[in-house]
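Here the structure is laid out as structure tokens; the discussion comes afterwards.
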Amino acid sequence: MNEIDYDGKPVHVLRYWEEKNGTTTEFQWLSSIRITKGNAEKMAETGRKRWKIENEGFNRQKNWQGSITHTCSWDDQAQKNHYLMAQISDFMKQLYEYYYLEKNGIEKKQKNISSDLLASFGRQLTKEDIFSVDENTQSFN
């Protein structure tokens, strides 16, 4: 545990070594939280979990789902919008996979999940589907 200075503020360095099958791997994290012997293990555990979420999520979007490796536009704002939409769609897909498919014991191939999810949006009921609309009384809210 070391402390370095960044822009006038203390930044703490946590170095963690893990040994598996005779191989030692070193991990390092920077934190604004003071690292002590009492919280070092918890900090390392939290750092590993965060890295897994960020790395796996990005790799999922980049390599096999979102195809975000190519530029869709030369316009900076368009690129940001495209990435934001990729984030939103990935988030929705993960919710669908976990809270609907996995919780209900439904198995689907990855290639079918996105198209099934998209088709489900077309089946969403609107107010007009539920309540008959009288031609004389239409709401514009």
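Here, each number is a calculation from the coordinates, and none is a lab measurement. Bear in mind that the values here come from a model prediction, so they are computed numbers and not experimental data.
Results, tabulated for the structure shown:
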{"quantity": "Cut-off under 5 Å, modelled amide H: who pairs with V11 long-range", "calculated": "I4, D5, Y6"}
{"quantity": "Per-residue ³J(HN,Hα) for region 19-35, Karplus 6.51 cos²θ - 1.76 cosθ + 1.60, θ = phi - 60°, Hz, x for Gly and Pro", "calculated": "10, 9, 6, x, 10, 9, 10, 9, 10, 9, 9, 10, 8, 7, 7, 5, 9"}
{"quantity": "Computed lengthening from T46 to F58, 0.36 nm per intervening residue step minus Cα-Cα distance", "calculated": "2.5 nm"}
